[in-house]
Amino acid sequence: MKIICVGRNYQKHIEELNNETPDEPVIFIKPDSALLRNNAPFFIPEFSNDVHYEVEIVVKIKKLGRHIPADFALDYIDSIALGIDFTARDKQSELKAKGLPWEKSKGFDHSAVISKFIPVPAHLESLEFRLEKNGEIVQRGNTSLMINSFAKLISHISEYFTLKIGDYIYTGTPEGVGPVKAGDRLKGFIEETLMFDFVVR
Ligand code: ZN
């Protein structure tokens, strides 16, 4: 399976990082070795002093598809989850400044936290989600604020990468990203459902 991630999909997050608003979706891939499941602890990697959380709604793909028209794209979603796209921000800034690929800062081991999966809710496109760090809300998002909708993302991604059963798409983070340190506890919710709960070491 592969993990496809969307960057810059919420306007206020683009602004907080002083990035430009892209004219087409920003897409990158993480390897399957990036996955961190079952509320396992996250260990800060040695190469970074500034690992940031980015909470994101994740969709799981249920059928093979390429060149998927947006009108049919929602039929490809099996279920949804909540994830964190951990990012070594210092490493990413260094790579971006040199015009180099982001992979080391975004695709490192255990950088893709994934929760349990739940059925696709009827109001997928106005879904609230949030991240709590040590009991305080640090990120709050609503899928109605996505620049590119689920359908548009699936359609666009499938122009470049064949989607396969079991692939995950991380659909971008809202504003409020920030650093983690050893001892932090992260809890993620979709509406009032606790999706993950783990610690940073
Ligand atoms: Zn992200």
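Would you mind working out the magnitude of the charge dipole of segment 3-199 relative to its Cα centre, with +1 at each Lys and Arg C-beta and -1 at each Asp and Glu C-beta, to the nearest 20 Debye?
420 debye
Test of understanding: in a Gaussian network model of the chain with alpha carbons linked when under 10 Å, which of Tyr168, Tyr76, Tyr53 would top the mean-square fluctuation ranking?
Checking each option, the largest mean-square fluctuation is seen for Tyr76.
Counting alpha carbon pairs within less than 8 Å and at least 6 residues apart, what relative contact order, in whole percent, applies to the chain?
Relative contact order, the chain: 35 percent.
Compute the normalised compactness of the chain: alpha-carbon radius of gyration over 2.2 N^0.38 Å, N being the residue count.
0.95
Could you name the lysines in cross-link range of Lys106, using Cα to Cα under 19 Å and dropping any fewer than eight places away on the same chain?
Straight-distance partners of Lys106: Lys2, Lys30, Lys91, Lys96, Lys98, Lys181.
When DSSP assigns beta bridges and you keep just the ones with both residues in the chain, what percent turn out antiparallel, to the nearest 5?
For the chain, the DSSP antiparallel bridge percentage is about 90.
Can you tell me the order of 177-187, 11-21 when each peptide is scored by its average per-residue count of other Cβ atoms within 10 angstrom, highest first?
Taking the mean over residues of other Cβ atoms within 10 Å, the ranking is 177-187, 11-21.
With runs of 4+ DSSP H residues as the only contributors, calculate the mean residue ellipticity of the chain at 222 nm using -39,500 (n - 2.57) per run, divided by the residue total and rounded to the nearest 500.
-4000 deg cm²/dmol
Please work out the Cα center distance from segment 73-133 to segment 147-201, rounded to the nearest Å.
3 Å
FYI, it's all coordinate maths here, none of it is from the lab. Computed from a predicted structure; not experimentally measured. For neighbour counting, all protein chains shown are included, and Cβ atoms are generated from backbone atoms with ideal geometry for every residue, glycine included.
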